[in-house]
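A.B. asks: Please see the structure below; I have some questions.
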Amino acid sequence: MKGIRERPHRLLGALGRRERRHVTQINGVKESMSVKPTTTNMTDRSTSSDALSSPATWDKQRMRDNLVAHFEGKVRRGEARVPVERLIMQVGRDSLFQDLLARWDGLDGRQRVNAWRDLLRLCDRHAAEVMPTCIRCGECCRHGSPTLQTEDLDLLRANRIALDQLVTLRRGEPVQSQQADRPFFLLDERIKIREGTGTQECVFLDSEQFACRIYQDRPVQCRAQACWDSSATQELAQQPYLTRRDLFADVPLLLDLIKEHDQRCAFARLDGAIKKLAENGAREPDELLELLNYEEHFRDFVAAQLNIPEDMRPLVFGRSFADLLPLYGITVRIEADGSRVLVAT
Ligand code: SF4
């Protein structure tokens with residue numbers, strides 16, 4: 001028997017938290033830039049050097065960086081109704097911006113100061129007057145994949161969206177929604193398009209081209225998505241969500257096994273085993289380890305019996321307990337002899 005090495009943490013917050021990066025097309029050339037710490041206004045954020053400097057001294061890159069910082073400040077203060085990425089792209093397409101950018105290097109100090117004022121006014125106007133249309137900046141797709149609804153079933157049946165690109169979130173599973181700050185536990189299952197490993201980015205987003213690879217066949221939630229107005233998505237949330245019961249209605253044996261898996265490997269059991277472990281410290285990891293082994297064995301056994309390919313398992317059985325343990329501050333380490341050790345992260 002291997003013991004847990006440290007006391008597990010409480011359930012950690014965000015699923016798939018990641019460093020934010022912005023991609024800007026501000027001069028017609030895509031450039032990726034890390035977002036630096038931001039402050040409440042343009043000059044504050046520019047740190048000591050920019051706070052004291054004048055636009056007259058900025059080169060083109062610094063002007064662009066400071067403009068992005070200005071966008072970030074507006075979004076953070078709730079002065080813009082759309083994400084930073086969208087503002088960047090919208091302003092980047094404005095002819096006034098393009099003209100000023102093209103002439104920036106040739107402007108003298110006084111002209112740059114005036115040009116900077118024009119740019120701030122331009123930014124304010126775009127933040128206030130958002131075009132009620134999707135400009136395909138990709139920002140929504142980078143921050144979460146869609147949850148499927150029964151209306152999407154035809155897309156799956158017609159193989160417009162491959163089943164091996166889906167994942168089931170099971171009843172009782174801890175999840176993080178884009179709207180909520182804290183994770184919550186699902187009352188019923190959901191089927192989602194998968195997200196990239198370690199990110200919240202939809203697997204169908206082509207992040208180089210800012211394009212959806214299945215745009216013509218995108219799910220209903222993506223069609224309703226509007227970063228400037230959430231009313232359509234809120235309305236859609238009242239419609240039924242797709243479940244494995246809909247998807248595998250013609251395969252009763254599989255549905256029976258899914259039900260069996262849900263009962264025997266319910267999240268309440270995982271939660272109970274983790275709480276017990278937390279109460280007893282490192283002394284009694286057996287229940288949790290046994291549950292992990294059992295769940296894995298169940299998946300492997302059923303998959304082998306029914307010939308379920310590896311890449312379909314996240315849809316058929318959802319995410320494994322072992323995959324979800326990091327949410328609880330625990331990982332599983334496999335020892336040289338094949339045994340497992342729980343390690344706090
Ligand atoms: S399916 Fe397409 S539109 Fe929907 S989130 Fe993914 S990339 Fe974006």
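The values are calculated or read from the model by the stated rules, or taken from the named source; none is laboratory data. Keep in mind the model is a prediction, meaning the values are calculated, not measured. With ideal geometry, Cβ positions are generated from the backbone for all residues, glycine too; neighbour counts draw on all protein chains shown. The protein model used for the area step is the full one, side chains on, heavy atoms only, and it has no ligands, DNA or RNA in it. Shrake-Rupley method; radii C 1.70, N 1.55, O 1.52, S 1.80 Å.
A.B. asks: Which FRET efficiency, nearest 0.05, do THR345 and ARG77 yield, Cβ-Cβ r, R0 41 Å?
C.D. replies: E(calc), rounded to 0.05, equals 0.75.
A.B. asks: Please list the three semi-axes, largest first and in whole Å, of the ellipsoid equivalent to the range 296-345, using sqrt of 5 times the eigenvalues of its alpha carbon gyration tensor.
C.D. replies: Largest first, the range 296-345 gives 24, 15, 7 Å.
A.B. asks: Then there's this: DSSP loop GluC sites (Glu not before Pro) in the range 75-166 with at most 15 other Cβ atoms within 10 Å of their Cβ, which ones?
C.D. replies: Loop-located and lightly packed - GLU79, GLU129.
A.B. asks: Give the carbon-plus-sulfur fraction of the accessible surface of the range 139-344 in %, rounded to a whole number; probe 1.4 Å, heavy atoms of protein chains only.
C.D. replies: For the range 139-344, the apolar C and S fraction of the accessible surface comes to 47 percent.
A.B. asks: Quick one: what does P(r) look like for the range 139-344 with 5 Å bins over all Cα pairs, in whole %?
C.D. replies: Pair shares across the bins are 1, 6, 14, 18, 18, 16, 12, 8, 5, 2, 0, 0.
A.B. asks: Determine the per residue accessible area of the range 139-344 with all protein chains present and a 1.4 angstrom probe, expressed in square angstrom.
C.D. replies: Value for the range 139-344: 52 Å² per residue.
A.B. asks: Then there is this: Trypsin sites (Lys or Arg not before Pro), restricted to the range 237-329: which are DSSP loop and have at most 15 other Cβ atoms within 10 Å?
C.D. replies: Filter output for the range 237-329: ARG319.
A.B. asks: Over the Cα atoms of the range 231-345, what radius of gyration and what Dmax do you get, in Å?
C.D. replies: 17.0, 55
A.B. asks: Between ALA226 and ASN293, what is the spin-label point distance in nm, taking each point 7 Å from the Cα along the Cα→C-beta axis?
C.D. replies: 5.6
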